[in-house]
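FYI, it's all coordinate maths here, none of it is from the lab. All values derive from a computational prediction rather than experimental measurement. Here Cβ is always computed from backbone atoms with ideal geometry, including for glycine, and neighbour counts include all displayed protein chains.
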Amino acid sequence: MNNNIVEEKINNILTVTTNATNESSTIRVICFNGSRIVRIIAPKHIEDAYKLNEWKSFKTSLNNNNNNNNNILNSAILQLLLSVGLSSELPEWIELPTIYSQCSISPESYVVEVATDLRTLVKQQTDESYLIYHLALLLNDRYAPAHFHLGVVSYERGERLLALSHYANALDLRPNYPEALCNVGVIHKNNGDLDGAIEFYQRALKYNANYQLVKFNMSVALCDLGTRYKVAGDLERATESDEGKIDEAIEAYDKSILYTPNSINAPHNKLLALNYSNRTLLSIFKSHKRWGKNYIKKDKLIQNYKTELKEKDKLTIGYISPDFFTHSVSYFIDGILKHHDRNLFNIYCYSNVIKEDDTTIRLKSYNHCWRSIVGKSDVVVAQMIVDDCVDILVDLAGHTCSNRLDVVALKPAPITISYLGYPNTTGLPNIDYKFTDSYTDPVGSTVQQYTEQLYRLDSCFLTYTPPQHCLAAEPSVLPPSEQNGYITYGTCNVVSKYSDQVLECWSKLMRSVPNCRLLLKSKSFTCPTTCASFLERLQHFGIEVARTTLLALLPSQEDHLKIYNQIDVALDTFPYAGTTTTCEAIWMGVPVVTLVGSSHSHNVGQSILSNIASDLPIKNLITESQEEYIETAIKLANDRELLRLYRSSLRQTMLNSNICDNAKFTNNLEKAYKDIWNNKFRN
């Protein structure tokens, strides 16, 4: 071994051990020249010795030596070094007889510490460390830490199964080994077994209740588990009284927050899950408001703006979103970005999109100022918005995935608005407005509460841009019932929207329409276990499995749209109605039966259908009660001529309606921006 390398390692370890108060009795050392404290061993040569089959004679020398531990380890290490001719390479100032003389711990413990220091100081030396840990097992094959560290190195080398085997050996010897329990939990979590991970984290906390790393890992696992319950539709353990898995998701998020009160994602996920639950509107509002009050960082709020705080002819609008890619939000922001008047507005897009796609490229092509904020801190992004002199910042995500409410909470623009991506209040007291309309939040009769002031846009709060890249997906000439001989009801909403109320309603409908079928498409149905569990849930509500088809993700958006050619009548979900799926169904010539409710998310279907005015009886699809919902769906099943008319006319009717008039909508939206700005400073 090169003397310079030896000295460098010694100096590195000296840096760590200079604070030792009693060098002569420090147990993590070997001694040289009787004055300084270091630890040194030659791992490469130990590896060579291993390859030269020197381990057998090494262990024999230990077994045959009746001296104390110091002499055993000294002679063993000396023999090992001599066996590969190392002793002649060592610097003169290293005295081999004193290698272990100052240690008061067991030799196997000392060897494990040597290997661990080596792995810590020289990251690429995992193979050498692995061999040294085996040396500890040759000294004592029942030494749990050696098995544990072999598990650590195996995991670092990408050998998860071998790591689990080593950890199992450690736990057999020491069942209350929190570090091993924690690491096994991590492997289960990374393998997708969240229940297994949580079980091991709980065992670790049983033995060390203040183990912060385990608390953090537990929080992450519970948060992921809650998201799986909510989004992936994992209904495996749902009981007859469960609301799907939403209640369990919320409980998991609460536990996650309990373990790590400063968790970022768990509170957002919990608030989003509440929108799918049967909790009262008041309790949901209070949860959002409580979060917003605690989330505001008053000491970090922007105090000074670079934009002029006065009435002006040209405003700067900033849109902040993680969804500037092929995502539901993109279908409703596309037309706005395309039609903004550049003579009257400067537009900035603050994109938190990690993986851009063709939709991102198209949105960029509208030539607004584009800022990527991926990986940037809240303060950095907020200052970016201030420097861009943004007058009105519009958040398009709310509490949905990858949101940047951390930025919005700093109030980086004089006026902030919540729009599009979230069907509820954000709870942030410093967001000024929420864009809505008189259908989703009726004037004078809105039950739902908001921390934002509602600003009702003319007609509908949405403008839909049909998927231009899927124009080849044409509606079928005739409804599928013409060929099948039976009516197919269906929807393509996420599983978490299939509430108990809606399944019970659909069950009654199917009993009233003999021989009808139900087609449901959702990303979650990719998982066979989820499909089986969901079919069990349908059976609980009296929906026959033989009359039900579950479809999962399809290769392309075009294939997805063509699924509507297998559906005669689309059934909207409640209390969380569809948005993009309702527009897709109409675009493909399929009528959508929707139910009016008491919340914004419940009334989106009403808003969309009310703004597709025509000679077609579209408003008849809006119902006021579950009884009327069922009655309307039955009437459609019995009116084949009307279904043909819808199939042939709905797409063009939609294109000619308010909902697809992007230019008109954007013009009205710009008037709203001017009104909001000028009113603020006029008053």
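Exposure proxy shown here: for 161, 315, the number of other Cβ atoms within 10 Å sets the order, fewest to most, as 161, 315. Within segment 299-456, the ratio Rg/Rh, alpha carbon atoms throughout and Rh by Kirkwood, equals 0.95.
Amide hydrogen proximity for residue 549: with H placed 1.01 Å from N in the peptide plane, the residues at 5 or more positions away or on another chain lying under 5 Å are 518, 519, 520. Peptides 538-551, 583-596, 429-442, 662-675 ranked from most to least packed give 583-596, 429-442, 662-675, 538-551, packing being the mean of other C-beta atoms within 10 angstrom over each peptide's residues. Each residue in 404, 651 was given a count of other beta-carbon atoms within 10 angstrom of its own, and listing them fewest first yields 651, 404. Relative to its residue count, segment 473-659 spans a Cα convex hull of 106 Å³ per residue.
Backbone geometry of segment 449-459 corresponds, through the Karplus equation with coefficients 6.51, -1.76 and 1.60 at θ = phi - 60°, to 3J(HN,Hα) couplings of 9, 9, 7, 8, 7, 6, 10, 8, 6, 4, 6 Hz, x marking Gly and Pro. Amide H contacts of residue 454 (H built 1.01 Å from N, in plane; Pro and chain starts excluded): 434 sit under 5 Å, all sequence-distant by 5 or more or on other chains.
Averaging the sequence gap over all C-alpha pairs within less than 8 Å and six or more residues apart, then dividing by the number of residues, gives segment 530-683 a relative contact order of 18 percent. When +1 charges are put on Lys and Arg Cβ atoms and -1 charges on Asp and Glu Cβ atoms, the dipole computed for segment 541-683 relative to its Cα centre reaches about 540 debye.
By the beta-carbon count within 10 Å of each Cβ, the least crowded to most crowded order of 419, 201, fewest first, is 419, 201.
Which entries of 189/297; 289/619; 293/434; 300/680 show an alpha-carbon separation above 25 angstrom in the structure shown? Over 25 Å apart, Cα to Cα: 189/297; 289/619. On the beta carbon distance between residue 645 and residue 508, with R0 = 25 Å, the FRET formula returns roughly 0.40.
Using the Cβ-Cβ distance between residue 635 and residue 532 with R0 set to 35 Å, the FRET efficiency from 1/(1 + (r/R0)^6) comes to roughly 0.55.
For segment 299-456, a simple Cβ point-charge model (Lys and Arg +1, Asp and Glu -1, everything else neutral) yields a dipole of about 220 debye relative to the Cα centre. Karplus-based coupling profile of segment 623-629, in residue order and whole Hz: 10, 9, 8, 5, 5, 5, 4, with θ = phi - 60° in 6.51 cos²θ - 1.76 cosθ + 1.60 and x standing for Gly or Pro. Couplings 3J(HN,Hα) of segment 149-158, computed from phi: 5, 5, x, 4, 5, 4, 5, 5, 8, x Hz, in residue order, whole Hz [Karplus 6.51 cos²θ - 1.76 cosθ + 1.60, θ = phi - 60°; x for Gly and Pro].
Extension gain, residue 474 to residue 655, is 63.8 nm, computed as 0.36 nm per intervening residue step minus the present C-alpha separation. When the Cα positions of 353, 340, 329 are compared along the charge dipole of segment 328-383, 340 comes out farthest toward the positive end, with charges on each C-beta of Lys, Arg, Asp and Glu. Note on residue 449 and residue 213: the model spin-label points, each 7 Å out from Cα along the C-beta direction, lie 4.4 nm apart.
Checking the Cα-Cα distances for 411/671; 376/497; 562/664 against a 26 Å cut-off, the pairs over it are 376/497; 562/664.
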